[in-house]
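Everything on this sheet refers to the single structure shown next.
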Amino acid sequence: MKVVVSKEQFEQVRKVEKVLGVKIAFATEEHQLRVVDNVDGQWGVYQVLRCYRGAMNYFAEVKLIEPAKSEQEAVMKFMANQHKMAKEGKLKVVLY
């Protein structure tokens, strides 16, 4: 699913890619960028697949990982997933 993002959000993704040394699209599971957002009325945890600049706007392609009914539920699912990955030793970078 393609969404329009702000220049600041686009630049944040670029900074993460610079720190990781790899494009988000090619990142391993522990380096995947996940965000809590409302896309087309659906709250949930989304994985950012790639981010790019168009002629007039900035875009991100996202995939719904865990649907939620509200922002609070989405945040709780995100935190539970981060905690699970940290316990498994798979979590390397966390941005809040």
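The values are calculated or read from the model by the stated rules, or taken from the named source; none is laboratory data. Nothing here was measured: the structure is a model prediction, and the numbers come from that model. Cβ placement follows ideal geometry from the backbone for every residue including glycine, while neighbour counts extend to all protein chains displayed. Side chains included, ligands, DNA and RNA excluded: accessible areas come from the protein's heavy atoms. Shrake-Rupley method; radii C 1.70, N 1.55, O 1.52, S 1.80 Å.
Brief remarks on what is shown
- Scope the stretch 62-74; condition open to solvent by less than 60 Å² (accessible area, probe 1.4 Å) and outside any strand (DSSP E or B); matching residues: Ser70, Ala74
- Selection count, the stretch 52-61, where residues are open to solvent by 10 Å² or more (accessible area, probe 1.4 Å) and assigned to a strand (DSSP E or B): 5
- Of the residues making up the stretch 3-34, those that are in a helix (DSSP H, G or I), among the charged types (D, E, K, R) and crowded, with 16+ Cβ neighbours inside 10 Å number 1.
- For the stretch 75-96, taking the residues that are touching a residue at least 60 places away in the same chain (Cβ under 8 Å) and aliphatic (A, V, I, L, M), the one that is least open to solvent (accessible area, probe 1.4 Å) is identified as Leu91.
- If the condition is being of a type in the set (Gly, Ala, Ser) and open to solvent by 60 Å² or more (accessible area, probe 1.4 Å), then the stretch 35-51 contributes only Gly41.
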